[in-house]
1. If we scan region 160-172, do we find a residue that is at pLDDT 90 or above and either polar (S, T, N, Q) or under 30 Å from Pro77 (Cα atoms) (or both)?
2. Going by the conditions given, is Ala112 in contact (Cβ under 8 Å) with a residue 12 or more places away in the chain, among the small types (Gly, Ala, Ser) and surrounded by fewer than 20 Cβ atoms within 10 Å (Cβ to Cβ)?
3. What residue, among those in region 95-116 that are in contact with a strand residue (DSSP E or B) (Cβ under 8 Å, 6 or more places away or on another chain) and part of a loop (DSSP other than H, G, I, E, B), is nearest to Thr219 (Cα to Cα)?
4. Restricting attention to region 141-168, which residues are in contact with a strand residue (DSSP E or B) (Cβ under 7 Å, 6 or more places away or on another chain) and surrounded by fewer than 15 Cβ atoms within 10 Å (Cβ to Cβ)?
5. If a residue has to be modelled with pLDDT of 95 or more, on the phi < 0 side of the Ramachandran plot and not in a strand (DSSP E or B) to count, how many in region 215-251 make the cut?
6. Say whether the condition of being modelled with pLDDT under 95 and not assigned by TED's automatic domain parsing to the domain that holds Asp229 is met by at least one residue in region 34-41.
7. Run Leu172 past the list (1) on the phi < 0 side of the Ramachandran plot; (2) surrounded by fewer than 18 Cβ atoms within 10 Å (Cβ to Cβ) and report the number of the one that doesn't hold.
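The values are calculated or read from the model by the stated rules, or taken from the named source; none is laboratory data. Here the structure is a predicted model, which is why all the values come from computation and not from measurement. Quick reminder, even Gly has a Cβ in these numbers, built from the backbone with ideal geometry, and neighbours come from all protein chains shown.
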Amino acid sequence: MKYLGVSRAELYSPGRVSGDAAVFRAVAAELERHGHEVICMTEQELVSNGIPADVDGIFQMARSREALSVLDGAHIPVTNTVQAVRNCGRAAQTDLLQGTGLIPESIICSTAGVPDGWHIYPCWIKRADSHAVEQDDVQYIENAAQSAVDMRGFAGRGLKECVLQAHVKGWLVKFYGVRGMGLTDCYAASPVDGKFGLERYNDQPDCASVDIQALTAVTERISEILGVDIYGGDAVVGDDGAITVVDFNDWPSFRSCIVGAAQKIASLIMSKNL
């Protein structure tokens, strides 16, 4: 088989450029180890050159509208699918997961002002159209006055919509997984683990333990709802052990488990061409 790999533009890898590149290269190497040919492109090269005519499958980390539009026209297996990547946008995943009990209470709203019905503080304000690409795209809010100020900041940057998400008390766990194969790793997060140090607003665990089966069940259910094969994110573990996912991403860096993740990801990609 011949596979096309599309890497992620640096804009969409804030603080994770080397990590995203490392797992991408590891998956390509794993496919080659199984005897397949792999050609690689950046998002920009894909937009300029299109999809080669002779590839049998695509694995991709793209997030730009232009690159996803090109991939949308593919008639071969694509991992993650274009729709899955779009489903991971803040507004899209909030809409799809609202009411499931898997995420905090959230609302998608205009940046013109705080909706009258929102009275949950502290909370988070997040850009709605994509994942965070700069520090101000996700902010912790303590009260309504701060919320109004931060919304004006979002609007001033040309962002028309945002997501308000209730803050969940508990400690934070990072997780990485491949759909149908469970988690490749999870670990207690600290401020040094994050892109922008926002983990400081969560509690520090007295004992960094989590019910792995429960976390796996929650993350696998979300991956099914969003249609995401390769995923990662953040979950808050409450004092009672309850698990709430506060961030869910398509194809993360797998920073703590690249080798094992690459093996699972390559296996998934190859299975789509059987």
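1. Yes; the residues of region 160-172 include at least one that is at pLDDT 90 or above and either polar (S, T, N, Q) or under 30 Å from Pro77 (Cα atoms) (or both).
2. Values: in contact (Cβ under 8 Å) with a residue 12 or more places away in the chain: yes; among the small types (Gly, Ala, Ser): yes; surrounded by fewer than 20 Cβ atoms within 10 Å (Cβ to Cβ): yes.
It is true that Ala112 is in contact (Cβ under 8 Å) with a residue 12 or more places away in the chain, among the small types (Gly, Ala, Ser) and surrounded by fewer than 20 Cβ atoms within 10 Å (Cβ to Cβ).
3. Among residues in region 95-116 that are in contact with a strand residue (DSSP E or B) (Cβ under 8 Å, 6 or more places away or on another chain) and part of a loop (DSSP other than H, G, I, E, B), the one nearest to Thr219 (Cα to Cα) is Leu102.
4. Listed by number, the list holds a single entry, Lys160.
5. Within region 215-251, residues that are modelled with pLDDT of 95 or more, on the phi < 0 side of the Ramachandran plot and not in a strand (DSSP E or B) number 14.
6. Going through region 34-41, the residues modelled with pLDDT under 95 turn out to be none.
No: region 34-41 contains no residue that is modelled with pLDDT under 95 and not assigned by TED's automatic domain parsing to the domain that holds Asp229.
7. Evaluating Leu172 over (1) on the phi < 0 side of the Ramachandran plot; (2) surrounded by fewer than 18 Cβ atoms within 10 Å (Cβ to Cβ) leaves (2) as the failure.
Residues are listed down the side, and each one gets a yes or a no for (1) surrounded by fewer than 22 Cβ atoms within 10 Å (Cβ to Cβ); (2) under 25 Å from Asp211 (Cβ atoms):
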| site | (1), (2) |
| --- | --- |
| Ala235 | no, yes |
| Gly238 | yes, yes |
| Asp247 | no, yes |
| Phe254 | no, yes |
| Cys257 | yes, yes |
| Ala261 | no, yes |
| Ala266 | no, no |
| Met270 | yes, no |
| Asn273 | yes, no |
